[in-house]
Amino acid sequence: MAKILVITSGKGGVGKTTTSAAIGTGLALRGHKTVIVDFDVGLRNLDLIMGCERRVVYDFVNVINGEASLKQALIKDKRLENLYILAASQTRDKDALSLEGVGKVINQLSEVFDYIVCDSPAGIEKGAHLAMYFADEAIVVTNPEVSSVRDSDRMLGLLASKSRRAEKNLSPIKEHLLLTRYDPSRVNKGEMLSIKDVEEILAVRLIGVIPESQSVLKASNNGVPVILDEESDAGQAYSDAVERLLGKEMDLRFTDEQKKGFFQRLFGGQK
């Protein structure tokens, strides 16, 4: 039976789809048969970040509506044997998703995959609710800003009360926190919340801190999950997060301000 993992946040632009792509790819790299499902109907981006946008023929809504089989809609990743993508529709709206329809597709996927990674849209509307409803575990993605952390706190409340597990009085969704776009130099200047600040506000286990990095944008533009960029700080940080998700204890990296050498000060840039 598959483990269902939702990647969620209250605020847009924090890196949910980047995280979904990285975590899904990381799980597949470690031998787990994984599918990443894009719940952001109307604004799909997962296929772009995964580099398979030209291969989308049928989508999630087509499967729900019986217009295509799951086998027709699933896109196999070209890089990894164990990784598949189910794209969202660009031409429908969130009302195209239904609890019954999503549940049926999730059940079908559960028979085939080890992990189902649900890439949730931002906010608290229907698509986000359906993405989290069937989850066994959740990664709440937040930036070290007050508004982002406050919105993430709201999502934690919804995860605790509006899921299938909550309705059926089962054990709660296992929650994890991922802090993205972290810049230690800005934290030291008082321009960002510290890791400790965020942990104290949200009180959820931290599985990763992703540093602010140009490599994230570069990877997205190239249609390659950043976790495959093993030279970048962000890629390594996502890899560490996957290890922690799977139960390994590891120290956090890239959380302290690095002193720049002469050429770094002269030319700038971040990995």
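Annotations
- What the phi angles of the stretch 212-228 give under the Karplus curve with 6.51, -1.76 and 1.60, with θ = phi - 60°, is a coupling list of 4, 7, 5, 5, 5, 5, 4, 5, 4, 5, 8, x, 10, x, 5, 5, 7 Hz, glycine and proline written as x.
- Relative contact order %, the chain, counting alpha carbon pairs below 8 Å whose residues are six or more apart: 23
- Shown here for the stretch 180-226: trypsin sites (Lys or Arg not before Pro) in loop regions (DSSP other than H, G, I, E, B) with at most 12 other Cβ atoms within 10 Å, namely 189, 205.
- Taking the longest Cα principal axis of the chain as reference, the axis of helix 16-29 is set at about 80 degrees.
- Relative to the longest principal axis of the Cα atoms of the chain, the long axis of helix 146-161 makes an angle of roughly 30 degrees.
- Whole-Å distance, taken between Cα centres, linking the stretch 77-153 and the stretch 188-202: 27
- Phi angles across the stretch 180-186 convert, under the Karplus curve 6.51 cos²θ - 1.76 cosθ + 1.60 with θ = phi - 60°, into 3J(HN,Hα) values of 10, 6, 7, 10, x, 5, 6 Hz, Gly and Pro given as x.
- Here the Karplus curve 6.51 cos²θ - 1.76 cosθ + 1.60, taken at θ = phi - 60°, turns the phi angles of the stretch 247-254 into couplings of x, 7, 8, 9, 6, 6, 10, 6 Hz, with x standing for Gly and Pro.
- Pairs from 162/196; 104/196; 78/162; 3/78; 104/174 whose Cα-Cα separation, in the structure shown, is over 31 Å: 104/196; 78/162
- Cα-based shape type of the chain, given that a ≥ b ≥ c are square roots of the gyration tensor eigenvalues and the cut on a/c is 1.5: prolate
- Less than 5 angstrom separates the built amide H of residue 174 from those of 137, 138, all sequence-distant by 5 or more or on a different chain.
- Helix 233-245 vs. the chain, principal-axis angle (Cα, 0 to 90°, nearest 10): 60
None of the figures in this text is laboratory data; all of them are computed from the coordinates on show. Remember, predicted model here, so these are calculated numbers, not experimental data. Positions of Cβ are backbone-derived with ideal geometry, glycine not excepted, and every protein chain shown enters the neighbour counts.
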